[in-house]
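The values are calculated or read from the model by the stated rules, or taken from the named source; none is laboratory data. Please read all numbers here as calculations on a predicted model, not as lab measurements. So basically every Cβ, Gly included, is an ideal-geometry build from the backbone, and we count neighbours across all protein chains shown.
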Amino acid sequence: MADFTEVLRGRRMVRNYREDPVPEEVIERIVAVVRRAPSAGFSQGHRIVVVTDPVKRAELAAVAEPWYLEHGHAPWISRAPVQIVIGVREASYHERYTEADKIESGGGEEIPWPVPFWWFDSGALFTLIQLAAANEGLASGLYSPAFPDELAALSAIAGLADDVALTAVVTVGYPADEPADRAAKLAKRRKPIDDLVTWLR
Ligand SMILES: Cc1cc2nc3c(=O)[nH]c(=O)nc-3n(C[C@H](O)[C@H](O)[C@H](O)COP(=O)(O)O)c2cc1C
């Protein structure tokens, strides 16, 4: 176990892995964070699929990887020994927010969802999974196709239920070499903190 500062520094989107498998108990510890992830109203709409089956991993990669290969990336999706498909069940939120206490706090109706918290919560879960992987000394990355037909193809391969939306897929594994200038390139583009944080002191 590392300390939090170290884990946070280790949190990077990694797009190259060694093919060495990750021990099952390590994967289990990483994915167990799903029970600790925050969710609006404790709706617990998170649904994840952990893919280590080589056939299924190859099928997922066949959908998502061609673009990266055409753009000079390593075959990072097919090489990652673990892929975690992150899904969210919006219906869990509607079910929870039509329970008596939530209807009362909504002024007699289900809230109008000015922020669709299912998407918000799915991102929060992703961050927890990535930090949990970093805490185990593992690298991780994320892909989420921009086109609905590709998302549908990934959902079908993962066997997600019809009422579960796929938000992203997380790759996990031991890091392999990445372009040496990547960290420097990112550092150059990192916005100054004052662009991102406003203080009302
Ligand atoms: C919601 C979301 C979607 C992303 N989609 C992709 C993606 O489809 N493919 C990819 O290679 N990286 C994707 N990324 C990774 C970002 O490009 C990456 O986080 C950013 O460049 C900063 O790098 P760092 O996370 O290593 O600091 C995504 C990140 C987020 C948060």
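Looking across segment 84-97, the residues that are under 24 Å from ASP20 (Cβ atoms) and more than 13 Å from the ligand (Cβ to nearest atom) come down to ILE84, VAL85.
If you take the residues of segment 133-146 that are within 11 Å of the ligand (Cβ to nearest atom) and in a loop (DSSP other than H, G, I, E, B), which of them is surrounded by the most Cβ atoms within 10 Å (Cβ to Cβ)? Ranking the qualifying residues of segment 133-146, first place goes to PRO145. The selection criterion, being at pLDDT 95 or above, of a type outside the set (Val, Ile, Thr) and touching a Leu at 6+ places or on another chain (Cβ under 6 Å), holds for ALA168. Do you know which residues across segment 27-55 are out of contact with any Leu (no Cβ under 7 Å at 6 or more places or on another chain), more than 18 Å from TRP118 (Cβ to Cβ) and either part of a strand (DSSP E or B) or of a type in the set (A, V, I, L, M) (or both)? Result: ILE27, ILE30, VAL31, ALA32, VAL50, VAL55. Tallying residues that are away from the ligand (no atom under 12 Å from the Cβ) and under 17 Å from ARG18 (Cβ atoms) within segment 60-77 yields 2. All conditions but one from (1) in contact (Cβ under 8 Å) with a residue 40 or more places away in the chain; (2) closer than 30 Å to GLU90 by Cβ apply to GLU65; the one that does not is (1). Scan segment 147-174 residue by residue and report those that are in contact with a Pro (Cβ under 6 Å, 6 or more places away or on another chain) and away from the ligand (no atom under 12 Å from the Cβ). Selection gives GLY173 alone.
Residues in segment 158-191 that are assigned to a helix (DSSP H, G or I) and surrounded by fewer than 20 Cβ atoms within 10 Å (Cβ to Cβ): 8 in all. Find the residue count for segment 1-48, including only residues that are more than 16 Å from the ligand (Cβ to nearest atom) and farther than 30 Å from HIS71 by Cβ. Residues in segment 1-48 being more than 16 Å from the ligand (Cβ to nearest atom) and farther than 30 Å from HIS71 by Cβ: 24 in total.
Would you check if ILE111 is within 14 Å of the ligand (Cβ to nearest atom), of a type in the set (Val, Ile, Thr), surrounded by 15 or more Cβ atoms within 10 Å (Cβ to Cβ) and modelled with pLDDT of 95 or more? When the stated conditions are applied, ILE111 does not pass them. Residues that are in contact with a Gly (Cβ under 6 Å, 6 or more places away or on another chain), of a type in the set (A, V, I, L, M) and crowded, with 16+ Cβ neighbours inside 10 Å are absent from segment 71-78 altogether.
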